[in-house]
Amino acid sequence: MQYSYEEIKEYIEQEDVKFVRLAFCDLNGKQKNMSISPDELDRAFSDGISFDASAVESFGCEDRSDLLLCPIANTLNVLPWRPARGKVVRMFCNIKYTDGTPYELDARSILQNAVKEAKDMGLSIKIGTEFEFYLFKTDENGDPTDEPFDKAGYMDVAPEDKGENIRREICLTLVEMGISPECSMHLDGPGQNQIVFRYADALTAADNAMNFVSVVKAAASHNGLYADFTPKPIVNKPGNGLHINMSVVSDDGEMYNARFMAGVMEHIREITAFLNTRPESYNRLGEHTAPKFVSWTRENRSQLLRVPASRNENKRFELRSPDACLNPYLAFAMLIYAGLDGIRNNMELPEPSNISLQDANESVTGKLKRLPETLDEAKKLARESEFVNKILNKKLVELI
């Protein structure tokens with residue numbers, strides 16, 4: 001929703017808001033924030049609020065350590081799990097140097113630039129996400145154990161599915177924040193859950209992703225549990241993916257999904273370091289329908305890109321390789337830039353691979369490019385990529 005600064009001030013005064021959280025995402029995908037009193041809002045919007053960026057591990061900016069958090073009015077959310085009296089609200093921020101210039105490692109600004117480039121080409125890009133996570137029991141000190149919350153399987157129901165009430169709490173909390181989940185269910189792994197979101201513009205989808213992770217972790221903690229989004233929490237069980245659904249439409253209504261997909265396939269190896277950011281991410285790929293080859297299909301779930309059966313405004317494609325530990329702003333930006341390159345250069349999709357690649361023999365898979373097999377390989381491909389270095393600041397590329 002679009003808010004003006006005046007509307008925010010009026011809301012804060014009328015609704016007994018006592019704390020305003022200014023939030024951002026570090027390069028590792030971890031949400032950071034500081035709280036200010038409502039009295040500091042004027043200064044936050046006019047000048048920004050200073051913080052020590054040298055203490056943010058992934059920023060690496062000891063030489064110019066003072067940066068400014070500049071709140072974005074239309075990202076305002078009330079945090080429903082905070083006290084009803086003395087409410088807490090949160091806004092995401094752009095990050096700037098003290099002279100007002102944008103900070104080149106601000107992932108949200110990078111996504112803003114990607115969205116603007118798409119808009120300048122007359123294109124609208126919508127993104128929907130499917131988050132997977134495990135719920136684990138905690139010990140007497142509240143620390144996570146390795147014991148899943150239940151032993152249920154895919155789409156099971158209570159009492160086997162013990163996560164049903166937790167998912168309901170998560171979804172209702174999100175609705176209170178103005179975020180509408182599409183569906184939720186138990187997945188294949190013990191204690192594994194999924195919540196799916198409908199399309200939004202890229203910036204809103206990234207903000208919602210950050211809000212979602214916060215809500216899930218808070219709901220789990222309230223119920224004496226621990227929510228784990230890491231890509232491979234349990235050996236020999238399905239990993240946690242973050243499936244990204246995208247739809248690309250021009251101002252005159254023409255759909256550009258195919259050429260966008262071709263661009264993603266062309267650059268996927270170079271940008272995988274931004275989509276799969278942990279060493280264990282690469283233990284997930286190639287197992288339990290997570291892809292390991294650069295391929296596409298119309299419905300098969302074992303491949304990198306999938307075009308689900310859908311009609312009209314629901315036409316989309318799904319990228320199945322990422323996991324939920326990524327920085328959503330940076331990941332979405334790299335996917336947009338890759339897809340725009342496909343459109344700009346009239347790239348064409350290869351023939352679809354309408355077979356399961358999980359058990360295909362070498363005569364089939366030997367013809368396909370593979371995703372990087374380790375994080376080190378993925379980082380090397382990104383750092384040596386002309387495409388990546390053309391988009392991102394050299395300092396950022398070196399820090400991944």
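The values are calculated or read from the model by the stated rules, or taken from the named source; none is laboratory data. Just so you know, these numbers come straight off a predicted model, no measurement behind them. Don't worry about glycine lacking a Cβ; one is built from the backbone with ideal geometry, like all the others, and counts go over all protein chains shown. Note: accessible area is taken over every heavy atom of the protein model, side chains too, but ligands, DNA and RNA are not part of it. Shrake-Rupley method; radii C 1.70, N 1.55, O 1.52, S 1.80 Å.
When you scan the range 34-42, do you find a residue that is at negative phi, hydrophobic (A, V, I, L, M, F, W, C), at pLDDT 90 or above and assigned to a loop (DSSP other than H, G, I, E, B), even just one? Among the residues of the range 34-42, not one is at negative phi, hydrophobic (A, V, I, L, M, F, W, C), at pLDDT 90 or above and assigned to a loop (DSSP other than H, G, I, E, B), which makes the answer no. Checking SER281, SER247 one by one, the residue that is polar (S, T, N, Q) and touching a strand residue (DSSP E or B) at 6+ places or on another chain (Cβ under 6 Å) is SER247 and no other. Across the range 258-273, which residue is surrounded by the fewest Cβ atoms within 10 Å (Cβ to Cβ) among those that are more than 14 Å from PRO231 (Cβ to Cβ) and among the hydrophobic types (A, V, I, L, M, F, W, C)? The residue in question is ALA258. For residues that are under 24 Å from the mean Cα position of the chain (by Cα) and loosely packed, with under 14 Cβ neighbours inside 10 Å, scanning just the range 53-92, find the one that is modelled with the highest pLDDT. Only one residue fits best here, namely ALA55. Residues in the range 1-14 that are open to solvent by less than 90 Å² (accessible area, probe 1.4 Å) and modelled with pLDDT under 85 were compared, and the one that is nearest to THR75 (Cα to Cα) is TYR3.
Counting only strands (runs of 3 or more DSSP E) wholly contained in the range 67-178, the ones carrying 3 or more residues that are under 30 Å from GLU15 (Cβ atoms) and touching a strand residue (DSSP E or B) at 6+ places or on another chain (Cβ under 9 Å) occupy 87-97. Using beta carbons and a limit of 8 Å, which pairs, at least six apart or on different chains, have the first residue in the range 85-103 and farther than 23 Å from ASN113 by Cα and of a type outside the set (Lys, Arg) and the second one surrounded by fewer than 15 Cβ atoms within 10 Å (Cβ to Cβ) and at pLDDT below 90? Within 8 Å, the pairs are GLY86/ASP16. Among the criteria (1) in a loop (DSSP other than H, G, I, E, B); (2) touching a residue at least 24 places away in the same chain (Cβ under 8 Å), the one ARG301 does not fulfil is (2).
Just wondering, is there one or more residues in the range 108-129 that are over 25 Å from PHE197 (Cα atoms), basic (Lys, Arg) and at pLDDT 95 or above? No. Among the residues of the range 188-227, those that are open to solvent by 10 Å² or more (accessible area, probe 1.4 Å), under 15 Å from HIS243 (Cβ atoms) and in contact with a Pro (Cβ under 7 Å, 6 or more places away or on another chain) comprise ASP188, VAL196, PHE197. The set of residues in the range 239-256 that are open to solvent by less than 20 Å² (accessible area, probe 1.4 Å) and over 17 Å from the mean Cα position of the chain (by Cα) comprises VAL248, SER250. Being closer than 23 Å to ASP188 by Cβ, open to solvent by less than 40 Å² (accessible area, probe 1.4 Å), modelled with pLDDT under 90 and hydroxyl-bearing (Ser, Thr, Tyr) is a description that applies to SER302. Take the conditions (1) touching a Phe, Trp or Tyr at 6+ places or on another chain (Cβ under 7 Å); (2) touching a residue at least 40 places away in the same chain (Cβ under 8 Å); (3) buried (at least 18 other Cβ atoms within 10 Å of the Cβ); LYS162 misses just one of them, which is (2).
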